[in-house]
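Report on one structure; see the data block that follows.
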Amino acid sequence: MSRESTRSTQRTRIDPSVLVYDLQTPNDPQISPDGSRIVYSLAGADREARKATAQLWLCDRDGGNRLQLTASGRQNTGARWSPDGRQIAFVSDRVAAPAKAGIFVLPVDSPGEARQLTAHNQGVADLAWSPDGGTIAYTTTFDPENPDEEPPKEGEPARIKVTRRLDYKMDGRGYLGDARTQVWTVDVASGERRRLTGDPVDHNQPVWSPDGRTLAVRRQTEDGWTCIVALVDLASGKIRPAGDVRGTHPTAAWSPGGDRLIVTGDPVHTYQPDLYLVDVASGETRRLTDDLAILPAEGVNDTAMVWLDERRVLINAVEHARHGLYVLDVEAGQLECLVSQDATTLGLSVDAARRTVVQAYASFESAGEICVHDLDGDRTAVVTHYGEDVVAAAGPAGWERFEIARGGFTTESWLLKPADFDPSKRYPVVLMIHGGPNSFYGYRFLANQQLLANHGYLVVLPNPRGSTSYGREFTVQVLGDRGGEDYLDLMAVADHVAALPYVDAERFGIFGYSYGGFMTSWMLGQTTRFTACVCGAPSVDLASQFGTSDIGWHYDTTQYRSRPHEQPEWYRAHSPITYAHRATTPTLLVSGEADLRCPTSQAEELFVALKKAGCEVEFVRYPGVEHGFASAGPLPYREDFLARTLAWFDHYLGDA
């Protein structure tokens with residue numbers, strides 16, 4: 001079974017900087033309550049300053065009559081319509097120091113400047129208007145040791161750090177101590193703000209009840225990994241659990257009558273949530289699904305679920321890597337697919353009449369646009385075209401989907417091809433391995449994949465067992481077996497591709513980041529078949545990572561099924577560092593020095609092992625950046641990473 005694109009274009013070799021600085025992508029689109037207009041944040045870049053930008057724009061639901069709403073500040077994001085559609089609230093960095101972000105309200109149809117409601121000395125997120133339009137809920141960090149958000153005093157030494165908890169740090173946030181995200185409200189008229197939550201655990205994603213008296217929020221439990229949905233009473237400030245649903249990232253949506261919640265939950269951390277119905281008054285919880293066939297795709301600052309009426313819930317979800325819209329009948333427990341696309345869709349914004357859905361959209365041929373789905377007419381249309389010129393100039397990769405069956409499971413994969421692909425030629429190939437391991441590749445325009453295809457490489461994107469969007473049984477196969485059957489799945493995909501008549505199997509590279517970094521470093525010690533390797537943010541010593549990663553200590557009961565002292569031989573047998581002395585493949589090793597997820601110390605161990613093994617190895621360290629810097633870090637680092645990856649493969653896999 002296979003599908004492939006029919007698009008054929010000429011290929012112009014593109015410079016990595018174009019993919020970093022020249023693409024504009026609309027994010028987080030939100031439709032107005034009356035369904036007529038869309039507000040969104042247009043992400044771009046300032047080439048001269050070499051910094052990312054985001055400004056708010058407005059357009060009609062068909063993409064016409066575009067209007068730029070903001071121009072000051074470098075980052076304007078998180079736009080949300082007021083219930084009457086007359087105002088837009090958003091987050092901006094156009095604030096006076098020491099503040100870093102503020103909440104602003106902008107009148108839509110009458111002249112006037114955006115009005116600042118409040119500001120904080122750290123980021124602000126999760127804006128949510130109350131049903132009456134008088135209050136906005138939001139989240140920001142609260143540090144009990146610095147409640148007034150005082151900046152460090154010049155010349156004073158840094159604050160001494162003392163911790164008594166396991167979740168004292170987090171990648172992307174750094175050292176936390178007891179500072180956690182809390183839910184606040186701000187009065188739209190006066191700007192008076194109030195902190196609703198205070199326990200030193202993260203609270204986020206506030207969702208108003210229809211009567212405006214209660215907020216449903218995601219609340220961490222003590223270990224900082226499991227969460228519940230909690231209900232915050234606005235009048236008293238009291239907090240209580242919403243039923244008995246737990247998970248890694250539970251989300252909730254109120255029924256129109258406000259008497260029920262639909263909640264996602266995964267109490268035993270299988271990385272495949274199910275759906276639960278909670279009676280708000282009693283807390284009685286009913287499980288609606290068992291091994292849900294779809295993976296709800298959580299949006300940006302909102303939920304992946306919206307009630308259409310008292311019986312039906314609309315869900316943005318993924319099934320076998322294809323995003324789509326599904327309707328769940330909560331009484332019958334039946335799931336209906338409305339639309340499934342060879343695309344990635346993020347967010348779920350619906351108008352007040354529940355007739356129009358707006359989402360961010362990407363595919364192998366589209367770097368990022370806005371799509372609109374008409375629920376009445378069952379029609380989907382992409383209504384913006386920001387990236388078309390850049391994508392067309394480079395020639396988007398053609399693609400072919402294929403499946404490999406082995407060991408009772410099927411690995412879905414994609415083969416990206418240069419736009420001017422000629423089957424009579426023989427091409428070098430790069431096998432790319434996604435992170436997670438409980439993640440997946442899908443229909444999305446990613447810079448590193450498109451860059452390699454544009455420069456004449458075949459790019460292979462496999463979803464081995466352990467990948468999500470294929471159901472619970474498939475996803476849990478990697479738990480307790482890292483480097484086992486998942487590795488054999490990947491090698492079976494490589495075998496299939498190597499046998500294709502247009503593949504030069506002597507020029508076969510591997511690329512992986514995070515879990516992909518684990519797997520590429522694992523492969524270095526298991527096989528000599530690959531010609532070159534780019535290994536980013538690896539985990540190579542599972543025992544040492546247990547105590548140094550921000551989530552390593554949690555992996556004992558989820559990913560690894562034991563602690564290092566309980567099964568030391570398992571940890572040793574499944575750690576790439578155990579076999580790294582056998583490696584011969586030339587390797588580019590990459591790490592962000594502020595990475596708390598896969599600490600730089602892991603890459604250091606691998607670097608020394610590879611050097612002592614006699615490998616050609618280059619170790620690139622990016623100062624001050626966290627785990628996800630390659631896609632979300634400083635623009636110069638993103639460009640450098642792309643350029644180094646391409647240069648490494650060009651050197652070792654270039655024309656024979």
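The values are calculated or read from the model by the stated rules, or taken from the named source; none is laboratory data. Keep in mind that what you see is a predicted model, and the values were worked out from it rather than measured. Quick reminder, even Gly has a Cβ in these numbers, built from the backbone with ideal geometry, and neighbours come from all protein chains shown. Side chains are part of the model used for accessible areas, which takes the heavy atoms of the whole protein and leaves out ligands, DNA and RNA. Shrake-Rupley method; radii C 1.70, N 1.55, O 1.52, S 1.80 Å.
Values for this structure:
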{"item": "Computed helical MRE - 222 nm, the chain, DSSP H runs ≥ 4 contributing -39500 (n - 2.57), nearest 500", "result": "-4500 deg cm²/dmol"}
{"item": "Normalised contact order of the chain, rounded percent, pairs of Cα under 8 Å and 6 or more residues apart", "result": "10"}
{"item": "Neighbour net charge for residue 603 - beta-carbon separation under 13 angstrom, K R +1, D E -1", "result": "-3"}
{"item": "Whole-number percent relative contact order across the stretch 499-558, with pairs defined as alpha carbons under 8 Å at least 6 apart", "result": "31"}
{"item": "Amide H contacts under 5 Å for residue 503, placed H, 5+ residues apart", "result": "427"}
{"item": "For residue 439, residues with placed amide H under 5 Å, excluding near neighbours", "result": "468"}
{"item": "Order of exposure, largest accessible area first, which applies to 637, 21 with probe 1.4 Å", "result": "637, 21"}
{"item": "Probe 1.4 Å, all protein chains present, accessible-area order of 432, 170, largest first", "result": "170, 432"}
{"item": "Degrees separating the helix 515-526 axis from the principal Cα axis of the chain, which is the longest one", "result": "10"}
{"item": "Over the stretch 130-286, equivalent-ellipsoid semi-axes from the Cα gyration tensor in Å", "result": "30, 22, 11"}
{"item": "Helix 485-498 axis, angle to the chain major axis (alpha carbon atoms, nearest 10°)", "result": "60"}
{"item": "Approximate spin-label separation residue 601-residue 148, in nm, with each point projected 7 Å along Cα-to-Cβ", "result": "3.8"}
{"item": "Exposure of residue 249 as accessible area (Å², to 10), given a probe of 1.4 Å and all protein chains", "result": "110"}
{"item": "Value of relative contact order over the stretch 334-481, rounded to a whole percent, pairs C-alpha under 8 Å and six or more apart", "result": "20"}
{"item": "Exposure of residue 53 as accessible area (Å², to 10), given a probe of 1.4 Å and all protein chains", "result": "30"}
{"item": "Nearest-20 debye value, the chain charge dipole, Cβ charges on Lys, Arg, Asp, Glu", "result": "780"}
{"item": "Å² of accessible area per residue within the stretch 333-378, as computed with a 1.4 Å probe and no ligands counted", "result": "34"}
{"item": "Rounded to whole Hz, the Karplus (6.51, -1.76, 1.60) HN-Hα couplings of the stretch 90-100, x for glycine and proline", "result": "7, 9, 9, 9, 7, 10, 7, 4, x, 4, 10"}
{"item": "For residue 169, residues with placed amide H under 5 Å, excluding near neighbours", "result": "176"}
{"item": "Cut-off 15 Å between beta-carbons: net charge of the residues surrounding residue 652, Lys and Arg +1, Asp and Glu -1", "result": "-3"}
{"item": "Where trypsin sites (Lys or Arg not before Pro) fall in DSSP loop in the stretch 271-336, at most 14 other Cβ within 10 Å", "result": "311"}
{"item": "Using a Förster distance of 56 Å, the FRET efficiency for residue 379-residue 565 (Cβ separation, nearest 0.05)", "result": "0.45"}
{"item": "Per residue value of the accessible surface for the stretch 458-513 (all protein chains in place, 1.4 Å probe), Å²", "result": "25"}
{"item": "Solution diffusion estimate, µm²/s, Stokes-Einstein, the stretch 528-656, Kirkwood Rh from C-alpha pairs, 4 °C, viscosity 1.567 mPa s", "result": "83"}
{"item": "The stretch 348-455, Rg to Rh (Cα coordinates; Rh as Kirkwood inverse mean 1/r)", "result": "1.05"}
{"item": "Accessible area per residue, Å², the stretch 1-141 with all protein chains present, probe 1.4 Å", "result": "46"}
{"item": "Stokes-Einstein D in µm²/s, Kirkwood radius over Cα pairs - the stretch 476-599 at 25 °C with 0.890 mPa s viscosity", "result": "162"}
{"item": "Ranking by accessible area, most exposed first, for 25, 584, 558 with a 1.4 Å probe", "result": "584, 25, 558"}
{"item": "Of all accessible heavy-atom area on the chain, the percent that carbon and sulfur account for (1.4 Å)", "result": "48"}
{"item": "Neighbourhood charge, 12 Å Cβ-Cβ cut-off, centred on residue 177 and excluding it, Lys, Arg +1 and Asp, Glu -1", "result": "+3"}
{"item": "Value of Rg to Rh for the stretch 198-251 (Rh from inverse mean 1/r over Cα pairs, i.e. Kirkwood)", "result": "0.95"}
{"item": "Between 0 and 90°, nearest 10: helix 600-612 axis offset from the chain longest Cα axis", "result": "0"}
{"item": "Candidates per trypsin sites (Lys or Arg not before Pro) in the stretch 463-567, loop by DSSP, up to 14 other Cβ within 10 Å", "result": "561"}
{"item": "Potential extension, residue 12-residue 226 segment - 0.36 nm per residue separation minus Cα distance", "result": "72.3 nm"}
{"item": "GluC sites (Glu not before Pro) restricted to DSSP loop in the stretch 115-163 with at most 14 other C-beta within 10 Å", "result": "145, 154"}
{"item": "Sorted largest first, extent of the stretch 22-89 alpha carbons per principal axis (Å)", "result": "40, 22, 16"}
{"item": "Separation in nanometres of the label points that stand 7 Å from Cα toward Cβ, at residue 655 and residue 582", "result": "3.7"}
{"item": "The stretch 26-174: mean projected area of Cα convex hull, nm²", "result": "12.1"}
{"item": "Value of D in µm² per second that Stokes-Einstein yields for the chain, Kirkwood Rh from Cα pairs, at 37 °C (0.692 mPa s)", "result": "127"}
{"item": "Residue-level accessible surface for residue 518, protein heavy atoms, 1.4 Å, Å²", "result": "0"}
